[in-house]
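A.B. asks: The structure is given below, and queries will be raised subsequently.
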Amino acid sequence: MLRVHFTGLDLARLRLAGDPDVLWETVLSLHRLRDKQGESIFGDWRSETRARLNGETRLLAPLVPPRGYFPDFLTPPEGLLGLDSGMEALRATPADRVHDELGRLSTVRTLPAWIRSLAEGDSRAFGKLIGALHAYHQAAIAPYWAHIQAQIEADRAVRGRALLDGGADALLSSLPPTMRWQAPVLEVDYPVDRDLYLNGRGLVLLPSFFCRRTPVTLQNTELTPVLVYPARTMSETAPVVPEAPRSLGKLVGHTRSAVLGSIGGGCTTSELARRVGVSAASASQHAGVLREAGLVLTLRHGSAVMHTLTPLGAALLRGGHRGPGRARAGQSSIPDRSTPATM
């Protein structure tokens, strides 16, 4: 079990990440690619991704083993700003830190020569790492980014509602069952026994599509504390390459356009009905059509449901698509961190 110890200042500095983290999703997806669980969710994704790969998994596997520690420097906080920013931060990791973190790997397994060179500061080895990560991201993450982003945004809407309704206490209490808030400690199901004292630094909560079963945190306690947890979904849906939805022909009329525009950052069916001035049944029906068209995602939140816009829905509202290479859309051109990566 992981026990995260909060002070009053930590609660004040608790925050929910504003965007998906492209490098966390990239690294954690390597676990999903190699495990055999969740076939109904990841089976097609695995087959499609493997068909696009050209040896990247073989190169990266020693750095990101199926279980146990993987280096913290692979997921710098700049991954929230996009792939390019994350790669720049990764490349700028101090040599002594790279050496120390790779040294933890070498104590439990024999590393290939290029990773040993990486630990010694070889720039060519770092270029090889950046190239392998980028190529793997293009095959495994970029084609599915809109789906990944929609799932994470929906989870954020649920957590954000809890925060607005009851503050940090309600937000921590709303987290998945693998995390239990017993003030002032957040107990987390974890492969090893560990205590994390925040000591006034706060905590970043980061929902992740490819994080499964148990949350993940950083090994290095001197880094900004982050807790990556499985994004909640109303129904487990497989990542798909987006295509023009066949249901878009249904999207006509003033009321349905008003429904789409009224969802905003997320709302329940009753709130949506009040905003648009229709019955709850009518609001639910319109939201269902929008959901079939790929413009809305719906999650259950207690006894109610929460509707949020997908990236496609948001793009339709603003009259243009913000490509995934830009900072807030996922930053691509298109699951301890510590010992426990048993995601």
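A.B. asks: At a 1.4 Å probe, what is the % contribution of carbon and sulfur to the accessible area of region 28-134?
C.D. replies: It is 51 percent, rounded to a whole number.
A.B. asks: In whole percent, and with a 1.4 Å probe on the protein chains, what portion of the accessible area of region 157-212 is carbon and sulfur? Mind showing how you got there, number by number?
C.D. replies: Numbers: 1170 of 2170 Å².
Taking all protein chains in place, region 157-212 shows 54 percent carbon and sulfur surface.
A.B. asks: What's the center-to-center distance, using Cα atoms, between region 211-227 and region 68-119 in Å?
C.D. replies: 15
A.B. asks: In addition: Would you mind getting the accessible area per residue of region 13-161, heavy atoms of the protein chains only, 1.4 Å probe, in Å²? Don't skip to the answer; put the middle values down first.
C.D. replies: Working: 5970 Å² over 149 residues.
Dividing the accessible area of region 13-161 by its residue count gives 40 Å².
The values are calculated or read from the model by the stated rules, or taken from the named source; none is laboratory data. These figures come from a predicted structure and were not determined experimentally. All accessible areas refer to the heavy atoms of the entire protein, side chains included, with ligands and DNA or RNA removed. Shrake-Rupley method; radii C 1.70, N 1.55, O 1.52, S 1.80 Å.
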